[in-house]
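In what follows, a single structure is set out as structure tokens and then discussed.
The values are calculated or read from the model by the stated rules, or taken from the named source; none is laboratory data. A quick note: this is a predicted structure, and the numbers were derived from the prediction, not measured. Ideal geometry is used to build each Cβ from the backbone, glycine not excepted, and the neighbour counts take in all protein chains shown. Side chains are part of the model used for accessible areas, which takes the heavy atoms of the whole protein and leaves out ligands, DNA and RNA. Shrake-Rupley method; radii C 1.70, N 1.55, O 1.52, S 1.80 Å.
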Amino acid sequence: MAMQDRAVRTRQELIRSAAEAFDRSGFAPSSLTEISVGAGVSSGALHFHFGSKRALGAAVESAAAQILQDIIAPRPCEQPESLRNLVDTSHVLARRLAEDVVLRAGFGLASDAAWQENVELWRVWRAWVRSVLTLARGEGALVADVLIEDLVSAVTVAVVGAQALGRADADWSPRHAVAQFWNLLLPRITTAVVRPG
């Protein structure tokens, strides 16, 4: 059992080290040697767990996809109104993107020219945002002239884009940016019944 635990830990450390390398330099420039050193394992151990850098990239993307699914998964005990759920979840995603290198690298791979796989986490996020806004419209929480697809684009860009800007400028806080976004947008899109304050 201890050997299996060690193998799982080694695999997780390799995924984390790969995520750090991809996040820092991109997929193509990151080397397997850099990744194995970052994980504190030999290159042989890396090749035992992952046959190639592409397999390691797929593992990072898969781990990030699972983190995203955990963030957007419905909570059985909590059934907030849809718009509140969207706002709260967008704050959680912005925070997790800032803190979790695996999640951040998973999103980053989607815009990496050297990485051409199909998961593209921003598409998963966008589809979830669309589904929640559709529920909000059914609940009567959105004003009549608001177009769902315009909101989907705005929310997708605001959350994922705030994280990208935060990486480029240390003074830029994704959490603060997402809060400002909602402070500006909510009074425009919500009905009087659900408008804060």
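Quick notes on this one:
- Simple spin-label estimate for ARG123 and GLN69 gives 1.6 nm between the two label positions (7 Å along the Cα-to-Cβ direction from each Cα).
- Per atom type, the chain shows carbon and sulfur on 55% of its accessible surface, probed at 1.4 Å.
- Shape box of the stretch 23-114 [Cα atoms, principal axes, largest first, Å]: 50, 25, 19
- Tensor-based shape of the stretch 109-160 (alpha-carbon gyration tensor, a/c under 1.5 rounded, otherwise prolate or oblate): prolate
- Think of a 1.4 Å ball rolled over the protein heavy atoms: the chain then has 54 Å² of accessible area per residue.
- Per-residue [θ]222 nm for the chain (sum of -39500 (n - 2.57) over DSSP H runs n ≥ 4, rounded to 500): -23500 deg cm²/dmol
- Cα centroid separation, the stretch 40-60 to the stretch 86-112: 23 Å.
- Calculated Rg and Dmax of the Cα atoms in Å (choose from (1) 19.2, 62; (2) 16.2, 53; (3) 22.0, 67), label: (1)
- Calculated FRET value between SER31 and GLN4, using beta carbons and R₀ = 22 Å, to 0.05: 0.20
- The chain, dipole about Cα centre (Lys/Arg Cβ +1, Asp/Glu Cβ -1), debye to the nearest 20: 160
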